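Q: Sharing a structure with you now.
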Amino acid sequence: MSMETLGPTELRLMQGLAQEVTALRPELLNGDATVGELAWVWAKDFDVLGRFWRHRLWFADGRLVAWGWVHLPHKIPRGDGAVIEVETANLIWQTHPERVALLGDILDWYDDVAGNVDRLLTVQSADIEAHRTVAAHGYAFDAEAGSDDGSWVQFNTRELTDVPDPVLPDGFRFVTANDVPPTDAVQAHRDAWHASRFSEAAFERVRRTWPYRTDLHVLVAARDGTLAATAIIWLDELTQTAEFEPVGTHRDFRRRGLGTALQLHGMHLAKAAGARRMLVACRGAPADPAARNMYYGVGFRPISRDLPQVKVAR
């Protein structure tokens, strides 16, 4: 099944498959294919990147069992005025653990829609069958992206037991998106990610996207009112799983323990809302360990990592 626009109906189906994989084999959740990552990536980028997206859904007995989402080459302005030019295609994908053979069909479709450009994708370290399938379709490990100073991501989890109480420095306090204007929540994100193109329109779409909740969008406010750190928690009540995506600290307030405190506070809120475990993805390369070490410090442990793959156009 193929459609022109990846809209909220299709997104919700894709999130439904993410719920199934989360319950059965969370180590097989692909990058940007979790409930929270799907919501965040789709909602924040729909207006700017939607015209460069292609997608296809595979069904069996009326249930979604696989999907592919291609980001085609594009050129767009960045939040700091620079221009981002992407010359490769990238595939986000997911199959049900019992339908792994459909990855071959996804890759054939990817070849058709990507055209004559280099093609990128990732497989998870635990997904042995996917390793064989992508190799058979001409992909090879991307040694640069997957190196010790590369851009690869690792996936982490933590059971919500024995969560320490958070400690904030004097003059800081926890707030939620219920407590601040949307413009301030957007600015908090842009202050943490200075090149972000995140806008009020994008945030409004995020707020309308399941399972966003304003009471689980947590922030740290400084004494002068500046929002110094921000994190969105996406709670899936079905699997009793919550996910941080994204997490960031204002560049003028880093190295003060705000990220650690916000994580612990967020975990307490998630547990109170019904979650039993947390998920979070972060950069895993040893050359840039700051985020990974912060998550380790609050009890997260890795369960898988991206293995970037590339297929060079001929």
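The values are calculated or read from the model by the stated rules, or taken from the named source; none is laboratory data. Quantities reported herein were computed from a predicted structural model and do not represent experimental measurements. Methodologically, a virtual Cβ is constructed for each residue, glycine included, from the backbone with ideal geometry; neighbour enumeration extends over all protein chains shown. Areas reflect the complete protein model, heavy atoms only, side chains present, ligands, DNA and RNA absent. Shrake-Rupley method; radii C 1.70, N 1.55, O 1.52, S 1.80 Å.
Q: Just to check your reading of the model, which residue among 264, 238, 216 is modelled with pLDDT of 95 or more, out of contact with any Gly (no Cβ under 7 Å at 6 or more places or on another chain) and either among the aromatic types (Phe, Trp, Tyr) or closer than 17 Å to residue 298 by Cα (or both)? Step through it out loud before you land on a result.
A: Working: 238 fails: either among the aromatic types (Phe, Trp, Tyr) or closer than 17 Å to residue 298 by Cα (or both); 216 fails: either among the aromatic types (Phe, Trp, Tyr) or closer than 17 Å to residue 298 by Cα (or both).
Testing whether each residue is modelled with pLDDT of 95 or more, out of contact with any Gly (no Cβ under 7 Å at 6 or more places or on another chain) and either among the aromatic types (Phe, Trp, Tyr) or closer than 17 Å to residue 298 by Cα (or both) leaves just 264.
Q: Which of the residues that make up the stretch 242-255 are aromatic (Phe, Trp, Tyr) and either free of Cβ contacts under 8 Å to residues at least 12 places away in the same chain or part of a strand (DSSP E or B) (or both)?
A: Within the stretch 242-255, the subset aromatic (Phe, Trp, Tyr) is 244, 253.
Within the stretch 242-255, 244 is the sole residue that qualifies.
Q: Just checking, does the stretch 225-232 include any residue being of a type in the set (Gly, Ala, Ser), closer than 20 Å to residue 172 by Cα, assigned to a loop (DSSP other than H, G, I, E, B) and open to solvent by 30 Å² or more (accessible area, probe 1.4 Å)?
A: There is at least one residue in the stretch 225-232 that is of a type in the set (Gly, Ala, Ser), closer than 20 Å to residue 172 by Cα, assigned to a loop (DSSP other than H, G, I, E, B) and open to solvent by 30 Å² or more (accessible area, probe 1.4 Å).
Q: Here's something else I'd like to know. Quick one: is residue 272 of a type in the set (A, V, I, L, M, F, W, C) and closer than 21 Å to residue 153 by Cβ?
A: No: the conditions fail for residue 272.
Q: Another question, then. Quick check on the stretch 287-314: of everything there that is assigned to a strand (DSSP E or B) and of a type in the set (D, E, K, R), which residue is least open to solvent (accessible area, probe 1.4 Å)?
A: 306
Q: State all residues of the stretch 162-193 that are within 22 Å of the chain's Cα centre (by Cα) and within 25 Å of residue 271 (Cβ to Cβ); if no residue qualifies, say none.
A: Selection gives 176, 177, 185, 188, 189, 192.
Q: In the stretch 267-287, what residues are of a type in the set (D, E, K, R) and within 17 Å of residue 31 (Cβ to Cβ)?
A: Quick first cut of the stretch 267-287, residues of a type in the set (D, E, K, R) only: 271, 276-277, 283.
The answer is 283, and nothing else.
Q: Separate question: Based on this model, can you work out whether residue 275 counts as assigned to a loop (DSSP other than H, G, I, E, B) and touching a residue at least 12 places away in the same chain (Cβ under 8 Å)?
A: Against the criterion (assigned to a loop (DSSP other than H, G, I, E, B) and touching a residue at least 12 places away in the same chain (Cβ under 8 Å)), residue 275 qualifies.
Q: Another question, if that's okay. Within the stretch 7-33, how many residues are more than 15 Å from the chain's Cα centre (by Cα), farther than 15 Å from residue 99 by Cα and aliphatic (A, V, I, L, M)?
A: The total comes to 2.
Q: Among the numbered criteria (1) open to solvent by 10 Å² or more (accessible area, probe 1.4 Å); (2) closer than 20 Å to residue 31 by Cβ; (3) assigned to a helix (DSSP H, G or I), which one does residue 239 miss?
A: (3)
Q: For the stretch 77-95, how many residues meet the condition of being out of contact with any strand residue (DSSP E or B) (no Cβ under 7 Å at 6 or more places or on another chain) and either over 30 Å from residue 193 (Cα atoms) or surrounded by 14 or more Cβ atoms within 10 Å (Cβ to Cβ) (or both)?
A: Residues flagged as out of contact with any strand residue (DSSP E or B) (no Cβ under 7 Å at 6 or more places or on another chain) and either over 30 Å from residue 193 (Cα atoms) or surrounded by 14 or more Cβ atoms within 10 Å (Cβ to Cβ) (or both) within the stretch 77-95 amount to 1.
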